[in-house]
Structure formats: C-alpha cells, structure tokens
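Before any comments, here is the structure.
The values are calculated or read from the model by the stated rules, or taken from the named source; none is laboratory data. Note that the coordinates shown come from a computational prediction; the quantities given were computed from them, not determined experimentally. Here Cβ is always computed from backbone atoms with ideal geometry, including for glycine, and neighbour counts include all displayed protein chains. Heavy atoms of the whole protein, side chains included, go into the accessibility calculation; ligands, DNA and RNA do not. Shrake-Rupley method; radii C 1.70, N 1.55, O 1.52, S 1.80 Å.
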Amino acid sequence: MTEAWRDPKQPVAVRVADLMARMSLREKVAQMYGAWLNVDDTAGEVAPHQSDQAPDPMDWTELIRHGLGQVTRVYGSAPIDPAAGARRVADLQSQIVGGGRFGIPAIVHEECLTGLAAWRAPIFPTPLAWGASFDPGLVERMAAHIGQTMRRLGIHQGLAPVLDVIRDVRWGRVEETIGEDPHLVGTIGAAYVRGLQSTGIVATLKHFVGYSASRAGRNLAPVSIGPREVADVLLPPFEMALRAGARSVMNNYTDIDGVPVAADRTLLTEVLRDRLGFDGTVVSDYFAIAFLESLHGVAADRAEAAANALRAGIDVELPGVNCYGNPLLKALEAGDVDEALIDRAVERVLRQKCELGLLDDGWAVEPEYLTDPCALDDADARDIARRLAERSIVLLRNESALPLRPGTRLAVVGPGANRPDALFGCYSFPRHVGIHHEGLELGLDVKTVVEALQNDFSLVYSLGCPVEGGSDEDIAAAAAVAADADVCVAVLGDLAGLFGAGTSGEGCDAADLRLPGRQEELLEALLATGTPVVLVVLAGRPYELSRQVDRLAAAVCTFFPGEQGAAALAGVLTGRVNPSGRLPVGFPGAGASQPAPYLAAPLGRLSEVSTVDPSQLFPFGHGLSYADAEWGAVSLHSPDGWATDGEVEVTVPLHNPADREVSTVVQIYLHDPVAEVARPVRQLVAAPRVDLDPGESRTLVVTLHADLLSYTGRDGRRRVEPGDIELLVARSSTDVHTALPVPVVGPVRHVGASRRLNHTARVI
C-alpha cells in the first residue's frame, strides 16, 4: 500500500503531516538548506563573500544521507551545455533520492531575472526595461517562456522578480528593479509572477524589504527609513505579487534602523505572514544568515545566527549549509531554539515540494529536456525579446533628427556600439558568469548596434573610448569620423557586471551621475564637430545629461534591452518601429549627485529654501513617439462624489490620426492636497497602455476604487478619508492633460491587506 505522504490523492496537509511524523530531527533539518556544487573546476566567484563564507568541507555522501532541501545553480555557476546540465541534474537527483531514507528529491533553483541565467539560454531585457514598456501582458508572456525553459531542464524555483522600488539611482542594482513607482513595480512584478508560476515554477520575490533605500545608494549599506515609507512605498509591490500567487520570498541583506532583516521577526513573520497572509517559503539571500555574525555583528557565532534567522522566519538557508546544519543543531541542544520552529519551517518546505510533485510516487528524476532536447533560444523567445525591447525604448528628445533618413552617411561611435554584451544586464549569464571564463563563446547569435544599422546605412564605426578609461587619440579619431558624417549616433552608457566588473549591477554603485569614465568628454568632442548627434543611452541607470541635452539632435534611452536589443534600436532609429516606451525612472537634472525620485512630498520639490533643484530633466513617465494618439475630452463619472468605499470611472477618448499603429500610455496620478501626513505631490494609480490601428478611435474606461486613495496615517493604520482630491490624467508625471477635481465623501475608513491594489481598464 502506498504511504499517505506518497499518495497524490491525499490532501497536501495530510501528506506533509504523515511524512513529518516519520522523520528524525536530523532529517527535518536537512530539508532546510541547499548545496552549491561547482559544475567544473573553472567556476569563478559569482556571489559576494562566496569564498570566505563557504561552508565547512563535507563529504557529499554524508551531506545527502539525511536528505537535502535544495540544489543551487547547476546551470548558472559555470558554462555547461543544456544537455550536460540536465544530465547533471538527473545524476544529482538520483544520488539525493538514493542517499536518504525517504528518497525526497531536492528543489533545484536558478537565477532567472533576464531569462534563465544559463549558457545558451535566451537573454531578455532587464527589469528596468520591463518597467519602461508599461506592458504587463508582454512581461507575463516573457516570464511564461522563461518558466517553460526552466521546467524542461528540471528546475523548480526561480530567484526573481526583484520588487525593490528605486529610491536612489546611484545604487548599482537599479537595472534589476522595475522603476521608482510602487504601482508600476507591483503591476509589472505581479505579471512576471503570474507568467513564471503558470508553468509550475516557484517565483521568489526579492528583496523583502527595503534593500533599495540604502544610504547614499551604496549596496548593502544601512537603511534608515520610517515605517510609513516601508508601508506606502516599499511594501505595495510585494503585496501585489503575493496576490498574484508568489510562493517564495527572499530576505533583504541590509539592516533597517539597526535590525538586519534576516533577523527581523516583525518583518518576516508579523508583516509578511500574519498581516499579508503569506504561507510559502522564505529563503535566505545568499549567505545572509552567516552575515548576521560576519557582517552585522548581531550573532556571536553561526549557531546564534541560525537561531536568530529561524526565529525571525527564514525557512531555508541558501546557497549552501553554513548555519542551518550542525550550528542549528547545536543551538537546539543548548536550548536556544524551540524544536517547534524547525517543524514550522520544514512543514513549509515539504508542502512546497508536495505542490511541485516531488513527493509523488513515481516522480521521474530525468528532466524532460533529456528525452526531448531543443534549442533554448527558439523563435518564440527571440520574438518576445524583440517585442519587449521595442516597447521599452524611450525617445527622450527629438529635434527632427529621427527617424534617420535613407541615404544618411552615419558615424556610429561609443563603447556600447559594437559589443554584443553591452546589451545585457548583470544577471545575464555572459556578464554574471561568462566573464570569469576567458574565451568562452557567447552561445547566442546577437547582433551589435553597428551590425544592426549596417543593413540600412553606409556607416563608419569608431570606439571613441571604452566605458571607463580611454585615450585622447581615440576620442579625437571618433570626432574626426563624426565630422565627416551626416549624422553621428553615439552609443554611450554602462557595461553591466558585478562587484566592480562593470559600471552598473550588483555592487557597482555610482559616486555621481555623470556618464562613466571619459564618455562625457567624448560626447562634447562629437558635439563640437557640428554634426548632428543622436545620443543613445544604453545603460542600467539614468545619467545626468543637462550640460549636453539642448545641443543634441535627438536622445534615445534603452535599459540593457537584451539579445534583440540592437535590432529593436535599429528599428526605432530608422522609423520602422514607432517608439512608445515611457521612463520608469526619471533622468536627474543639473547636479550630478542629486538623485530625486518623482514620488516626493512638497518639501522634496524645488523650493526657495534650498539652492538645489531636485527636478528631473526627463520626468518619470516621459516618452515621445513619431506618431501618437490624440486624446479627447476626459471625463469623470462621479455624480455624487467619490464614496470612501466606492468607485469612479475615468473616460479617455483616443484617436489615431496617423497612417501607422500607435501605442499610448494613459497615466493617472493622484494629488491629495490635504492629508493627515505629508503625501506625495502626485502618485501613479493607473497606467494602461492602449494600441490603436491607423485611423482607429477607441475609448479607454478606467475604474478606480477608493482603496487606491489609502495611505498610512499617524496611528500606523491605512486610511481612506473624505476631502477634496484631484485625479491627473497625464502623458507623464509632469505633462498633465486634464485635472479632474473630485470630492471624496463619507466616513474615514480603515483598510488592510485585503484592500484593492489595482485599477481595472477596458477599451470600448
């Protein structure tokens, strides 16, 4: 007879309880950590403190004798062919199943932020480009493709999406985030979760919570923010993604007001579980539990670190076993840990394994890819990558220079113009792992910007300078090439990497917001030639362009657009593609070290009491097109005011007068002039994208619930209150088409985690 825990017909709770009743304490603890095994001897260090935080040496056979919770990054630690990786997964799972008394497989996890971070897997645009697309449907489609690839390869869990809201663009991980507005981050992030988990892959939300608010934009620096900023700016994206069904959450590395999040029961249990209702697994960011001892100094040893993290609510230690093995058992023996906490964590882990089918009788160790191999970078992946890249490109400025005219003699200059990996983010395999393997082939067919433009123009390429460094002679040579052309396209910005291997990415924070290295000198030299200069910002963050912007013939921005990014850029520059991206984060104004998000209260805006102007040069939501929709008279359906528990409808007539398809993003902002606390001057509450065929007229109807007016009051409770507010229907956070005043009527109403988090939109 099949044991209850092996029987898929039994309820999950019954199966898990039956299995746990049979397990020893040591077998339970083995489910609470992972193992990171090098695929070959050439693997480089791809995570912070990977070497000095390595676990004590342990024999593999001994490690799996009691079982194993997770296997870390079989595909994403060193170059391995997909077929060899799938065979490696099968071999490891066979050993794990055969090594333990119960034969429980491990969860295999990988990074998947810009696609599966594996050699030969497709590379999609970065999350900041997802935000620029304002297209959750396309992001969901991308995530579903990523999930399908992972599932075929025997992977169960993906460490994405990143839901940190940008607070300082000097932070290196800006490229990994979706934007500076919580509504945008949550809407796009929830779409990614839906897509990934539709394929049976567990999505892991990162980094809960506050990571992006570190002092001075430094990675893993202390965070000093109040509970209201956490509740109203940083938490909503996680709430939206949890509503979308996310099954795992990863903690934030930093401390908030002195308390490391990895040891913060208030955040990881009271907020995440008790208030928000999360019942999945909390996994540690890599080495975060050991960091409680080695970096934060809040634990005397690894046993105390394990006890602190377990009490706070971390269920699984990643990437390997530093603290949740023998140190945790030591803490248990000393009476520093209640065994019930171990049962709590293991129940969550086993429930997830049960939901994934890993406890089913007859589960197959061999990934599907071994019996049905195919190219990972297939036609569908390339189509998604191209469409998302096209929709994410933002036309910042255009003085009639774009689209480029046929027959234009082109000079193409700059460090991003002629290297394919300039299109990739720091969590792509080539920039994350491949750089540690000299001579490694890219593994994908990726065109550079120069190659993509060669089909349309006679062009001459000159480097000018690399992202960092360079010589006077190379800058002069580029200027000479530009002087002899009709138009110069300057592709400037970043090269992604980790911990100093680039100018954008994890650990690559910026001291100021000038273009890196000598690129501003190069741009000035190009402008001095008198040839019209089209600037292409190919970067992981916005840069301060105020000194040059008025002299540019045009400016285009793309945030690491992935493997099809060059083709997408060529499409926009030639006019084959009508640009329709919108900025998910504003470009800073004059003052290269004065980053300021648009989401600011009145004292965060320009005033007479400071000589510093924090206004954005190109604001959040900004983006131009070669042809755009005409907006008609906007109306608000609210005959008796907006009840504190009711809805209103905003109607926007749209018409496309052009002979080509147009796509417009209708942004609706809330302005609350009088509240119990200082509120943002304006805050996004809806931003639907509408596509129109040539000559087509449609009407957009957006329904907003009063819950979207809520904020955290002085007593710490979220409230919707009566009073006069304005809804601003706008093309950007500063370009308001129509202001709609509306009285909010009724009693003050307190709302919680069950409140409405999003609008609804329909096109008629």
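Each row is one residue, and each column tells you yes or no for (1) hydrophobic (A, V, I, L, M, F, W, C); (2) surrounded by fewer than 24 Cβ atoms within 10 Å (Cβ to Cβ).
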site	(1), (2)
V572	yes, no
G581	no, no
G589	no, yes
Y598	no, no
E608	no, yes
D613	no, yes
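Given the conditions (1) in contact with a Phe, Trp or Tyr (Cβ under 6 Å, 6 or more places away or on another chain); (2) buried (at least 23 other Cβ atoms within 10 Å of the Cβ), which single one is not true for G507?
(2)
Being within 23 Å of Y461 (Cα to Cα) and within 19 Å of the chain's Cα centre (by Cα) is the filter; apply it to region 479-501 and report the residue that is surrounded by the most Cβ atoms within 10 Å (Cβ to Cβ).
A496
Would you mind telling me which numbered condition in (1) farther than 19 Å from V763 by Cβ; (2) of a type in the set (D, E); (3) open to solvent by 20 Å² or more (accessible area, probe 1.4 Å) D707 fails?
Single failed check for D707: (3).
Write out, first by first residue and then by second, each pair whose Cβ atoms fall under 8 Å of each other, whose residues are 6+ apart or on separate chains, and whose first residue, in region 1-18, is hydroxyl-bearing (S, T, Y) while the second is open to solvent by 70 Å² or more (accessible area, probe 1.4 Å) and part of a loop (DSSP other than H, G, I, E, B).
Once the first residue is hydroxyl-bearing (S, T, Y) and sits in region 1-18, its partners that are open to solvent by 70 Å² or more (accessible area, probe 1.4 Å) and part of a loop (DSSP other than H, G, I, E, B) give T2/D361.
What residue, of A216, A241, is in a helix (DSSP H, G or I) and either at pLDDT 95 or above or within 25 Å of P319 (Cβ to Cβ) (or both)? Break it down stepwise before answering.
Details: A216 fails: either at pLDDT 95 or above or within 25 Å of P319 (Cβ to Cβ) (or both).
None of the other options fit; the residue is A241.
Is it fair to say A299 is open to solvent by less than 20 Å² (accessible area, probe 1.4 Å), modelled with pLDDT of 95 or more and over 22 Å from the mean Cα position of the chain (by Cα)? First the steps, then the outcome.
On the way: open to solvent by less than 20 Å² (accessible area, probe 1.4 Å): yes; modelled with pLDDT of 95 or more: yes; over 22 Å from the mean Cα position of the chain (by Cα): yes.
The answer is yes for A299.
Where residues in region 198-220 are over 30 Å from V108 (Cα atoms) and touching a helix residue (DSSP H, G or I) at 6+ places or on another chain (Cβ under 9 Å), which of them is most open to solvent (accessible area, probe 1.4 Å)?
If we filter region 198-220 for residues that are over 30 Å from V108 (Cα atoms), which is where we start, we get 213-218.
Now drop any that are not touching a helix residue (DSSP H, G or I) at 6+ places or on another chain (Cβ under 9 Å), which leaves 213, 217-218.
Numbers: A213: 15, G217: 1, R218: 134 Å².
That would be R218.
When you scan region 512-535, do you find a residue that is surrounded by 18 or more Cβ atoms within 10 Å (Cβ to Cβ), under 22 Å from G434 (Cα atoms) and hydrophobic (A, V, I, L, M, F, W, C), even just one?
Taking every residue of region 512-535 in turn, none turns out to be surrounded by 18 or more Cβ atoms within 10 Å (Cβ to Cβ), under 22 Å from G434 (Cα atoms) and hydrophobic (A, V, I, L, M, F, W, C).
Could you check region 551-565 and list, in sequence order, the residues that are open to solvent by 10 Å² or more (accessible area, probe 1.4 Å) and in contact with a strand residue (DSSP E or B) (Cβ under 9 Å, 6 or more places away or on another chain)?
R551, A553
Tell me yes or no: at least one residue of region 322-334 is farther than 19 Å from G69 by Cβ and either in contact (Cβ under 8 Å) with a residue 40 or more places away in the chain or assigned to a loop (DSSP other than H, G, I, E, B) (or both).
Within region 322-334 (the criterion being farther than 19 Å from G69 by Cβ and either in contact (Cβ under 8 Å) with a residue 40 or more places away in the chain or assigned to a loop (DSSP other than H, G, I, E, B) (or both)), the answer is yes, since at least one residue qualifies.
Which of (1) farther than 27 Å from A132 by Cβ; (2) in contact with a helix residue (DSSP H, G or I) (Cβ under 8 Å, 6 or more places away or on another chain); (3) polar (S, T, N, Q) does N758 not meet, given it meets every other one?
(1)
Could you give every pair whose Cβ atoms fall below 7 Å, whose first residue belongs to region 119-139 and is over 12 Å from I188 (Cβ atoms), and whose second residue is open to solvent by 10 Å² or more (accessible area, probe 1.4 Å) and hydroxyl-bearing (S, T, Y), counting only separations of at least 6 or pairs across chains?
Filtered contacts from region 119-139: A121/T149.
What pairs come up if the first residue lies in region 522-541 and is over 22 Å from V169 (Cα atoms), the second is among the acidic types (D, E) and at pLDDT 95 or above, and their beta carbons are under 9 Å apart, counting only those six or more places apart or on different chains?
L522/D474; T529/D484; T531/D484; T531/D486; P532/E399; P532/D486
Considering each residue of region 743-752, count those that are crowded, with 16+ Cβ neighbours inside 10 Å and out of contact with any Pro (no Cβ under 8 Å at 6 or more places or on another chain), and give that number.
2
Would you be able to tell me the number of residues in region 479-502 that are part of a loop (DSSP other than H, G, I, E, B) and touching a Lys or Arg at 6+ places or on another chain (Cβ under 9 Å)?
Final tally of qualifying residues: 9.
Looking at S133, S94, which is the one that is hydroxyl-bearing (S, T, Y) and surrounded by 22 or more Cβ atoms within 10 Å (Cβ to Cβ)?
Exactly one residue qualifies, and that residue is S133.
Any residue at all in region 531-542 that is hydroxyl-bearing (S, T, Y) and over 28 Å from the mean Cα position of the chain (by Cα)? Can you show your working first?
Just the residues of region 531-542 that are hydroxyl-bearing (S, T, Y), to begin with: 531.
Restricting the remaining residues to those that are over 28 Å from the mean Cα position of the chain (by Cα) gives 531.
Within region 531-542, one or more residues are hydroxyl-bearing (S, T, Y) and over 28 Å from the mean Cα position of the chain (by Cα).
Please name all residue pairs, on different chains or six or more residues apart, with Cβ atoms under 6 Å, provided the first residue is in region 742-763 and is at positive phi and the second residue is of a type in the set (G, A, S) and surrounded by 15 or more Cβ atoms within 10 Å (Cβ to Cβ).
G746/A643
I need the full set of residues from region 712-742 which are farther than 22 Å from D274 by Cα, open to solvent by 30 Å² or more (accessible area, probe 1.4 Å) and not in a strand (DSSP E or B), in order please.
Result: E721, P722, R731, T734, D735.
If you go through region 753-764 one residue at a time, how many are of a type in the set (S, T, N, Q) and surrounded by 12 or more Cβ atoms within 10 Å (Cβ to Cβ)?
Residues meeting the conditions: 2.
It is to be established whether one or more residues within region 549-557 are under 24 Å from the mean Cα position of the chain (by Cα) and either under 25 Å from R405 (Cβ atoms) or in contact (Cβ under 8 Å) with a residue 60 or more places away in the chain (or both). It would help to see each step written out before you state the result.
At the first step, the residues of region 549-557 found to be under 24 Å from the mean Cα position of the chain (by Cα) are 556-557.
Adding the requirement that they be either under 25 Å from R405 (Cβ atoms) or in contact (Cβ under 8 Å) with a residue 60 or more places away in the chain (or both) leaves 556-557.
Looking for residues that are under 24 Å from the mean Cα position of the chain (by Cα) and either under 25 Å from R405 (Cβ atoms) or in contact (Cβ under 8 Å) with a residue 60 or more places away in the chain (or both), one finds at least one in region 549-557, hence yes.
Scan region 246-268 residue by residue and report those that are over 12 Å from V209 (Cβ atoms) and either without any contact (Cβ under 8 Å) to a residue 40 or more places away in the chain or open to solvent by 10 Å² or more (accessible area, probe 1.4 Å) (or both).
Within region 246-268, R247, D255, D257, G258, V259, P260, A263, R265 meet the criteria.
Quick one: count up the residues across region 657-684 that are within 28 Å of R228 (Cβ to Cβ), in contact with a strand residue (DSSP E or B) (Cβ under 9 Å, 6 or more places away or on another chain) and open to solvent by 10 Å² or more (accessible area, probe 1.4 Å).
Total satisfying the criteria: 12.
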